[in-house]
1. Would you be able to tell me the number of residues in the range 75-86 that are without any contact (Cβ under 8 Å) to a residue 40 or more places away in the chain and surrounded by 14 or more Cβ atoms within 10 Å (Cβ to Cβ)?
2. Name the single residue that is surrounded by the fewest Cβ atoms within 10 Å (Cβ to Cβ) among those in the range 45-68 being within 17 Å of residue 22 (Cβ to Cβ) and under 10 Å from the mean Cα position of the chain (by Cα).
3. Does residue 85 qualify as being on the phi < 0 side of the Ramachandran plot, in contact with a helix residue (DSSP H, G or I) (Cβ under 8 Å, 6 or more places away or on another chain) and at pLDDT below 95?
4. Please state which one of 53, 85 is out of contact with any Lys or Arg (no Cβ under 7 Å at 6 or more places or on another chain) and hydrophobic (A, V, I, L, M, F, W, C).
5. Pull up the range 27-44, narrow it to residues that are among the aliphatic types (A, V, I, L, M) and either in contact (Cβ under 8 Å) with a residue 24 or more places away in the chain or in contact with a Cys (Cβ under 9 Å, 6 or more places away or on another chain) (or both), then point me to the one that is surrounded by the fewest Cβ atoms within 10 Å (Cβ to Cβ).
6. Pick from the range 1-26 the residues that are within 18 Å of residue 71 (Cβ to Cβ) and of a type in the set (A, V, I, L, M, F, W, C): which of them is surrounded by the fewest Cβ atoms within 10 Å (Cβ to Cβ)?
7. Of the residues 49, 64, which single one is farther than 11 Å from residue 12 by Cβ, modelled with pLDDT of 95 or more and touching a Gly at 6+ places or on another chain (Cβ under 9 Å)?
Amino acid sequence: MTLTAKVPTPNASRYLQQLCKHWSHKFDVKFDAEQGVIPFPMGPIRMKAEPEALVVTIEPKADADVEKFKQVVADHLDRFAFREAPLTFNWQ
């Protein structure tokens with residue numbers, strides 16, 4: 001299963017980098033200004049910064065709590081985007 005949310009924000013690159021740096025203390029995160037991959041325990045998180053949106057893709061493992069996974073990602077991004085929060089996540 002793969003779920004993707006295109007999160008509207010003009011600060012996609014900033015939030016991508018902040019979240020990747022935050023989780024790099026726990027996980028072997030790979031990122032640059034435009035994309036990032038976080039090997040999260042519930043499944044990988046992939047992010048891509050676009051000019052007006054942050055595209056977030058999660059791939060929950062079979063035993064993962066999908067709703068919790070989505071909420072963890074949204075909560076963390078909202079923390080970094082406190083001026084814009086809550087961000088809009090329309091998971092598909």
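1. Adding up the residues that qualify gives 1.
2. Result: 46.
3. Yes, satisfied.
4. Only one candidate passes the filter, namely 85.
5. 37
6. 1
7. After applying the criteria, what remains is 64.
The values are calculated or read from the model by the stated rules, or taken from the named source; none is laboratory data. Remember, it's a predicted structure, so these values are computed and weren't measured experimentally. Note: ideal-geometry Cβ built from the backbone for every residue, glycine included; neighbour counts use all protein chains shown.
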